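Here's the structure we're looking at; comments come further down.
The values are calculated or read from the model by the stated rules, or taken from the named source; none is laboratory data. Computed from a predicted model, the values in this text were never measured in an experiment. Don't worry about glycine lacking a Cβ; one is built from the backbone with ideal geometry, like all the others, and counts go over all protein chains shown.
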Amino acid sequence: MQEVQVKRAGRVLAGLVLALLLGVSPAAAVNWLMLQGAEPADADWLRLGGFVQLEYHNAGGGQLPAGPFAGQPLAAGQVGPLQRSSVATELRKLQLAARGRLHPSLNYSLKTISGDNGASRIDGGNRLRLIEASLTWRLPLGPYLRLGLFKPPGAEEISGFSPPNQYVNLTNGANLLLQERFFREDGSDPQFANEPGICGCCRDLGLLLFDAQRLADWEWSYGAALTQGYGLRLNDPNDHPDLYLYLALERLWGERKGMQRLGWKLFGWWQEGRRDLTDGLTGRTQDYRRCRFGGGTALQTDRLRLVAEIIKAKGMIEFGTDGSALAGSRSNDGRWVASYNVLPRDQALAWSLDAGWRLWRGLWLDGRYDRLDLATEITGERELRTWTAGLSWRMPSGLQLKCNYEWREGRAPHQPRQSAVNQILAELPNRLSCQLLYLF
C-alpha cells in the first residue's frame, strides 16, 4: 500500500515539475554571515518578505519487527514532528520577516514562523513564534556587532537551510547533532516519555562579532559569538554561555552577489557550551558539556555544485527512542513506556557529500550521501546511512519546487546480526518528500 502511494505521489509531482517555468541557480558558496547579518549601503529602512512552505511526506510507515514493542509503529516511518501519520500534506512553515537599515551603521532583522514544525507546533498547538530579532551595528573600526536572537555561524547545511537549501530534509547528522532539542531527563525513567520541548531552530540569544574582507578575487570572513545556549527557549537555566567560532576563505568567480555568488569556499566552525539534564532514575540534575565542531568545502559554478562537510559531536547525544517505538508507547508486556534518550557523555561523527548539476535553466538534479555514526563510545552504536536523489526547480517569480527520494539504511555494528536492534534497522523505510515554496 505504501509503495502504491509513493509511486502515485511521484507521478503527480513529476507532472508539477514539468509544469513549472524558468528558474535561478541554488546557493552553495554564499557568505551567510554577511547575507543574514548585514545590509547594503543603499538598503531601505523597511523591507517586508517571507515565504510559504507546503510539503508532502511519505515516511514509509512500517511496524517494529522485534523487541519489546514488536508490532507497533516504527518511529522512523512516521512524519515529524508530531509523528501521528506515515503520510502527510501540511503547511510546514509560514515565515514573515522585516529588515532594513535604520542608520548608515545600524540595521535590524525580525522573523516569525508558524506551521507544522518543531518550533511552533511541537506540543500539538499552533502558534506564531519569534525566531529572529536582532540589531547589527557597524563598529567604527570596521567589524559588525550583532545583538539579539539570530542564527549563529556554523555548518554550511544549517546556515542555508529552507530556503534556499536544495533538499527538503536535513541530513541525519544535522538533524540529530545540530538541530538541538531540549529534554528534561536522560530517558532512564521507565514510566516517562521524555518528549522534547521547543527545538532550538539553530538560533540563539546573544551577541555576534563578524566581518568579511576581500582582497582581489579572495574573501575571508570570521565570526565569534557568545550566546545563552538554549535556543528559542529564551531562558537559560545555567550560567554557562555558548561560544561559537567561525572562519571561512573563498575564491570568488565573477561579480554575482548574494545567493547567486560563484566560487569555492573552505570553512571551519566550533561550538562549546553546557546543558542541564536530569537523571530519570535518581532525579539528580547535572550540567554536561555539549561541543560541536566541523568543517568542509563548497564549490558553486554556473552548472555544478559540490559540497562536502563533516561534523563531530561530544556530549549531549540524542539517541532516539526505546526500541525505535513512538515516544509514549507502552511495551507489549505493559511494564514500561518508550522514551527519548539522551547520552550526556557520548560522542558522534557525521559527514556528507552533496552534488548538483544544472539540467536546464533553474532545473537542478541533486544527489547526496550522508552517514552518521551515533554513540560511538558504547556497544549500542548506530550507523545510519542515507542516499538522497532529487530535483529542484527555482524560478524568478519566487516559486521553488523540490522533490526528494531517500534510501535509508542502518546497522548496529557491535551487536549480533539477528539482534532486535539490527532487525529494526534493517527495516528502515525509504522516504518521499516534496516541497512547494513561494518567496514573497
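Structure values in brief
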{"item": "Index of the failed condition, residue 193 passing every other in (1) within 20 Å of residue 155 (Cβ to Cβ); (2) among the aliphatic types (A, V, I, L, M); (3) assigned to a loop (DSSP other than H, G, I, E, B)", "result": "(1)"}
{"item": "Search result, residues across the stretch 185-230 that are closer than 28 Å to residue 262 by Cα and of a type in the set (D, E, K, R)", "result": "203, 211, 214, 217, 219"}
{"item": "Set 60, 50: member being in contact (Cβ under 8 Å) with a residue 40 or more places away in the chain and under 28 Å from residue 410 (Cβ atoms)", "result": "60"}
{"item": "Top-ranked residue in the stretch 191-220 [being over 16 Å from residue 275 (Cα atoms) and small (Gly, Ala, Ser); ranked as nearest to the chain's Cα centre (by Cα)]", "result": "206"}
{"item": "Tally of residues being among the polar types (S, T, N, Q) and modelled with pLDDT of 95 or more across the stretch 229-275", "result": "1"}
{"item": "Residue, modelled with the lowest pLDDT, within the stretch 96-152, restricted to residues that are assigned to a loop (DSSP other than H, G, I, E, B) and of a type in the set (D, E, K, R)", "result": "123"}
{"item": "Strands (runs of 3 or more DSSP E) contained entirely in the stretch 274-332, each with at least 2 residues that are under 24 Å from the mean Cα position of the chain (by Cα), charged (D, E, K, R) and within 18 Å of residue 381 (Cβ to Cβ)", "result": "304-314"}
{"item": "Residue selected from the stretch 333-347 under the condition touching a residue at least 40 places away in the same chain (Cβ under 8 Å) and buried (at least 18 other Cβ atoms within 10 Å of the Cβ), by the criterion farthest from the chain's Cα centre (by Cα)", "result": "337"}
{"item": "Cβ pairs under 8 Å, 6+ apart, first in the stretch 143-164 and under 19 Å from residue 300 (Cα atoms), second among the acidic types (Asp, Glu) and part of a strand (DSSP E or B)", "result": "155/309; 156/309; 157/309"}
{"item": "Search result, residues across the stretch 393-430 that are among the basic types (Lys, Arg) and surrounded by 15 or more Cβ atoms within 10 Å (Cβ to Cβ)", "result": "394, 402, 408, 411"}
